[in-house]
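Where a number appears in this text, it was derived from the coordinates with a stated rule and is not lab data. Quick caveat, the model's predicted, so the values are computed rather than measured. Reconstructed Cβ throughout: ideal geometry from the backbone, glycine too, with neighbour counts over all protein chains shown.
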Amino acid sequence: MTPPIVKRYLIAFEKYKWIGLASFTLVVVGATVVAIQPEPPASYITDAALTYSSPPVLFSVTGGEIQQQGQELTQEILLSDQIIEAVATKVNVKPKQIGRNIALTVPEKSKPGEAPASTLIEIKYKDSNEKRAKQTVQLLMEAMIKLSGEINTRRLNAIIKKINERSPQIKQDLQLAEKKLEQYDRIEGPALIAAENGSLLNAITSSQNQQRQIQLTLTGVDAQVRSLQKKLGLNVNQAYVSSALSADPIIASLRSQIYQVESQMGVLAKQGARPELPQMVQLQRQKDAYEQLIQQRAVEVVGGGGGTAPLAASVTDVRSQSNLDPARQQLANQLVALQTQYETLRQQLVSLSQEEARLRQAYALIPNKQLERSRLEQELALKKAIFDKMQAKLIDAQAAEAETVSSLSIARVPVVTADVKPPKSVPATLAIGGVFGLIVGGGVIFLLGSLEGTFKTKEDIRNHLKQREVAVLGELPLMPVEDLSPEEVPTILSVYSPYLEYYEKLRSNLRRFGSKNLKVILVTSISSSEGKTTTAFNLGIASARAGKRTLIMETDLRSPSRSPSLKVSIDPNANIEPLRYYGSLSECIRLVPDVENLYIVPSAGAVPQPAAILESSEFRRLIEDARERYDLVIIDTNSISLSNDALLIQPYSDGIILVTRPHHTQENMLGEVIDELVESELGLVGAVINGADIFVPQPQLRESVSSSAEESKEKAEVSAGTMQPTFRR
């Protein structure tokens, strides 16, 4: 059995053999042109090598780093356009020629800690001129060495420039850190020193001792004050006012004068003088005047008289408040002095308490201040370390100026060798061209066949249907069509036709895969020329020969009828009034003369608005009546890609048969149609592979009992079945 891929290639070869032959011819002609070309002139290859180098003595770290970086030159840098153009100008060749003929091999980078496998940079250059080849390589090596030195110098200058750019800012940061630490020490330094040497704790302890001493003194003074108040019967303010009034000489004089007047008035009153007596009135007036004066003087004494601070007491009864004797006045002054001492000690105690609280607060902040100073010290140390490192790097880079040289040196001087090639063999070149031409021609044929987008073999269609879980109802072979007119299709009217068994198999598979109520079958295809009409007609013949009343309905109202293939005449007036034609069963249903139990409804032909006719009530009643009268109704409709007629008739049918054919069925269209029918649940029963490459054995012609001309024609048709003609709809 021939593999499917071989079948596809043979089919494509039959169709595109001239294009493949043209491709083969072009390749052979190209090989011939190459074979007859003259031998190229001799060429010279110059071989040289550079190696990585470094100064014998390195005093600076920067110089060593730059030299190490100089050993990482890539091929793009060494063969830059600048170097090639400069060398091309000196040797008077085009830069592209040098870039095309130069070969540079750079050592691979080694892993960290491992020694490089090689330090050689291999240089090879090919030229037709021996002297120029050597000169070009020599100039390239010198340019590469010079470029390496320039790169190292630029790297060093870039380092020095970067350090000089950053140094002022780093120095400024260092000065700012020093200033912060100095200012902090100036403000918080005494407190930190006091905390460190213990003077702050001593101050707190001393303050606490002083407070305890003052509290003891206050207790004693308070006891003395209470004792004096008890003896005098006065509080401190009253004792202070009484002492001040008793010590004033003016008040004492006025008091004595008032006593004298009162004495005189008392004497006169004992003598029986009445208050209205002029002398009594005069004395009373003197007394009132003295009392008024003493009251005014008391106000002046208590209020300070503008020269001293006022007393916190009232002067309503001056005579009772200014009657202290010298002893009691001394006690009052002592009481006032003790009260003053008591208040002074209280104020000292408050001041000491506040000072203790301040000292304690300062002592509590000492850890934070110490941490802040440590942070400032660390910041200063960091800034200083960066500044020192930057200065050391600058000095090291300046020292590396004398050490910076090229990282490359000549390891092997240019050596020129002649590149002599053996002359090419014309027969071998032509043979290679012929083989390559066969490959190219065959590939072109296979590619063109693959780009068609159609199935090439029945195996391809069968696999595609299997992937989409669509049943294959049958595989039908090609049938001869040489003796048929363009309007006819090949049929199996003869009972001796070797193709009858394939349609019998299709009929039995249809009963096996379909449901029991499958009576109305719709036969359609993806596109034209896939054989749906041939399949419908011959399936109907096979069903009728099996004893089933079978009706074939042509519903393709966009093409002429194919009923003459079954020897059934066409009504010439059917396309004039198609609705009347389909409404009359006696007019539209015809008996096939050569097949018993087979009937056909010929198409009305190409009519306007075929969709309206297919959806009409007359057409629907025709199908419903046919369902009742016949065992099997086969509806031959238009292709799905050309119109939606099949979808309009589908509701009247019980299932759909999809006809496919190699070389005609498009792969993408078949998948889309199957997906649409399955997703919409339109009753897809299965598919038929028509025009399959199947060998059909031809039986021996039998002796006919009768000598009729019809039987002779049938025998001639059977004999013509061995050919492989083209297939029509």
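Straight-distance candidates among the aspartates and glutamates for linking to K171, with alpha-carbon spacing under 17 Å and chain neighbours fewer than 8 residues away dropped: E182, E377, E379, D388. In this simple spin-label approximation, A103 and Q398 carry label points 7 Å from Cα along the Cα→Cβ vector, and these lie 5.1 nm apart.
Within segment 479-613, the proportion of Cα pairs with more than 18 Å between them is 56 percent. For segment 489-495, backbone phi angles converted through the Karplus equation (6.51, -1.76, 1.60; θ = phi - 60°) give residue-by-residue couplings of 10, x, 10, 10, 5, 6, 6 Hz, Gly and Pro being listed as x.
For segment 593-641, the fraction of alpha-carbon pairs lying more than 13 Å apart is 69 percent, rounded to a whole number.
With +1 assigned to the C-beta of every Lys and Arg and -1 to the C-beta of every Asp and Glu, and no other charges, what is the dipole magnitude of segment 458-722 about the Cα centre in debye, to the nearest 20?
Dipole of segment 458-722, to the nearest 20 debye: 680 debye.
With N set to the residue count of segment 146-291, report its C-alpha Rg divided by 2.2 N^0.38 Å to two decimal places.
Details: Rg = 45.6 Å, N = 146, 2.2 N^0.38 = 14.6 Å.
Normalised Cα radius of gyration, segment 146-291: 3.12.
Length, then width, then depth: along the principal axes, the Cα atoms of segment 583-668 run 42, 32, 25 Å.
Using alpha carbons only, how many degrees (0 to 90, rounded to 10) separate the axis of helix 500-513 from the longest principal axis of the chain? Taking the Cα atoms of the chain, the angle to 500-513 is about 30 degrees. The relative contact order of the chain comes to 19 percent, based on Cα pairs under 8 Å that sit 6 or more residues apart. Distances between every pair of Cα atoms in segment 198-264, grouped in 5 Å steps from 0 to the bin holding the largest one, split as 3, 14, 11, 10, 11, 10, 9, 8, 7, 5, 4, 3, 2, 2, 1, 0 percent.
Between helix 667-679 and the chain there is an angle of about 70 degrees, using the helix long axis and the longest principal axis of the Cα atoms. Amide H contacts of S43: D419, each under 5 Å away and 5 or more positions distant or on a separate chain (H built 1.01 Å from N in the peptide plane; Pro and chain starts excluded).
Scaling against 2.2 N^0.38 Å puts the C-alpha radius of gyration of the chain at 2.47. Using just the C-alpha positions of segment 458-722 as equal point scatterers, what log10 of I(q)/I(0) does the Debye formula give at each q in 0.16 1/Å? The Debye formula, applied to the Cα set alone, gives -1.26. Highest mean packing first, where packing is the average number of other Cβ atoms within 10 Å per residue, the peptides 460-473, 497-510 line up as 497-510, 460-473.
Here the mean projected area of the convex hull built on the C-alpha positions of segment 459-537 is 6.7 nm².
Given R₀ = 41 Å, what would the calculated FRET efficiency be for S351 paired with L176, taking r from the Cβ atoms and rounding to 0.05? Working from the Cβ atoms, E equals 0.50. Using Cβ point charges alone (K and R +1, D and E -1), the dipole size of the chain about the Cα centre works out to roughly 2820 debye. Relative to the longest principal axis of the Cα atoms of the chain, helix 199-232 runs at roughly 40 degrees.
Candidate cross-link partners of K505 among the aspartates and glutamates, defined by an alpha-carbon separation under 19 Å and a same-chain spacing of 8 or more, comprise E459, E475, D631, D693.
For the cross-link pairs K90/K124; K161/K393; K146/K393, the ones whose C-alpha atoms lie over 21 Å apart are K146/K393. For the peptides 281-291, 688-698, the ranking by mean Cβ contacts within 10 Å, running from highest to lowest, is 688-698, 281-291.
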